[in-house]
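The structure under discussion appears below in the form of structure tokens.
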Amino acid sequence: MDSALDKSERARTRLPQAEHVARVHCPISWPEGDRCLNCHEMFPCTAYGWAFDVLVDAGWSPTDVQALDARTGPWS
Ligand SMILES: [Zn+2]
């Protein structure tokens, strides 16, 4: 059992999932602060926090992660 290989394989398959999560869990402005568009938790939500960590661990910069939010307006 090569656990190092398992770990990198898991990291590889997690990346596309993390990209998707970071794209759909994005902040919208509410009077009391930013909330997640997808799950309505206060932003950053649990899912976005996970995705952010995965992508930054993989060598992405925080700017790269934020650039996944390709909405044309705050509600689209
Ligand atoms: Zn969310």
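Is one or more of the residues making up the range 49-68 of a type in the set (A, V, I, L, M), in contact with a Lys or Arg (Cβ under 7 Å, 6 or more places away or on another chain) and more than 12 Å from the ligand (Cβ to nearest atom)? Within the range 49-68 (the criterion being of a type in the set (A, V, I, L, M), in contact with a Lys or Arg (Cβ under 7 Å, 6 or more places away or on another chain) and more than 12 Å from the ligand (Cβ to nearest atom)), the answer is yes, since at least one residue qualifies.
In the set (1) closer than 27 Å to Glu9 by Cβ; (2) more than 9 Å from the ligand (Cβ to nearest atom), the condition left unmet by Ile28 is number (1). The helices (runs of 4 or more DSSP H) located wholly in the chain that include 2 or more residues which are modelled with pLDDT under 90 and more than 11 Å from the chain's Cα centre (by Cα) occupy 3-24. Filtered by the rule that a residue be within 7 Å of the ligand (Cβ to nearest atom), of a type in the set (A, V, I, L, M) and more than 14 Å from His20 (Cα to Cα), the range 34-48 gives no residues. Among residues of the range 22-33 that are in contact (Cβ under 8 Å) with a residue 12 or more places away in the chain and within 13 Å of Ala67 (Cα to Cα), those with a Cβ under 7 angstrom from a residue that is among the β-branched types (Val, Ile, Thr) and assigned to a helix (DSSP H, G or I), sequence gap 6+ or separate chain, pair up as Ala22/Val65.
The values are calculated or read from the model by the stated rules, or taken from the named source; none is laboratory data. In this text, all values refer to a predicted model and were calculated from it rather than measured experimentally. Reconstructed Cβ throughout: ideal geometry from the backbone, glycine too, with neighbour counts over all protein chains shown.
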